[in-house]
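Peer 1: Mind having a look at this structure? Questions to follow.
FYI, it's all coordinate maths here, none of it is from the lab. Remember, predicted model here, so these are calculated numbers, not experimental data. Please note: Cβ atoms are built from the backbone with ideal geometry, for glycine as well, and neighbour counts cover all protein chains shown.
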Amino acid sequence: MYVVASDHGGFELKEAILALLKERDIEHKDMGPVNLDSVDYPDFGAKVAGAVSNGDADAGILVCGTGIGMSIVANKFPRVRAALAHDSFTAQMAKEHNNANILVLGGRIVSVAEGVELVKIWLDAEYE
Ligand code: RB5
């Protein structure tokens, strides 16, 4: 099961990622937020990272404006390997070389279409 969350800076991309997971029939849970209102990214990063850390979820996806804040938060949790990807190479390496169990994206760095492509690459890649 995949868990997904964002802050306001990543909300639009988060919604598109949820649509992708639904389209692919991948079991998932939206951990918020529910709209574009300004929120504190650590609150939402902790929900996803906590679920991955305690085994409630297999993996997660987090989106904030840059991806930096969510990465910092998520990597404080035991058993979490959160990787920030900006392009197809880093998305692929995040799985192949780092076995990242949380993919982090910057909603103000990549377009919605690019972000969805990065999620596809990470989902489809195999840990080497
Ligand atoms: C929110 O304005 C912004 O700081 C946040 O989305 C993220 O980029 C933090 O790292």
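Peer 1: Just going by the charge dipole of the chain, with Lys and Arg at +1 and Asp and Glu at -1 on Cβ, which of Val3, Ser88, Ala113 is farthest out on the positive end?
Peer 2: Ranked along the dipole, the leading option is Val3.
Peer 1: I've got another one for you. Would you mind pulling out the separation of the Cα centroids of segment 24-46 and segment 62-124, in Å?
Peer 2: So the two Cα centres are separated by 15 Å.
Peer 1: So what is the relative contact order for the chain, in percent, with contacts set as C-alpha pairs under 8 Å and at least six apart?
Peer 2: 27 percent
Peer 1: Ok, one more. Does segment 41-128 classify as rounded, prolate or oblate by the C-alpha gyration tensor (a ≥ b ≥ c root eigenvalues; a/c under 1.5 gives rounded; else a/b over b/c gives prolate, otherwise oblate)?
Peer 2: oblate
Peer 1: Also: Ignoring everything except DSSP H segments at least 4 long, calculate the 222 nm mean residue ellipticity for the chain; use -39,500 (n - 2.57) per segment, divide by total residues, nearest 500.
Peer 2: -13000 deg cm²/dmol
Peer 1: Right, something else. Are there DSSP H segments in the chain that both extend 15 Å or more along their axis (alpha-carbon positions) and score a mean Kyte-Doolittle hydropathy of at least -0.5? List them, or say none.
Peer 2: Qualifying helices: 11-23, 41-53, 112-124.
Peer 1: So who's got an amide H within less than 5 Å of the one on Ala59, skipping anything under 5 residues away but keeping other chains? H placed 1.01 Å off N, in plane.
Peer 2: Close amide H contacts, sequence-distant or interchain: Val3.
Peer 1: Something else: Which of rounded, prolate or oblate describes segment 1-90 when judged by the alpha-carbon gyration tensor and an a/c cut-off of 1.5?
Peer 2: Taking the square roots of the gyration eigenvalues as a ≥ b ≥ c, segment 1-90 is rounded.
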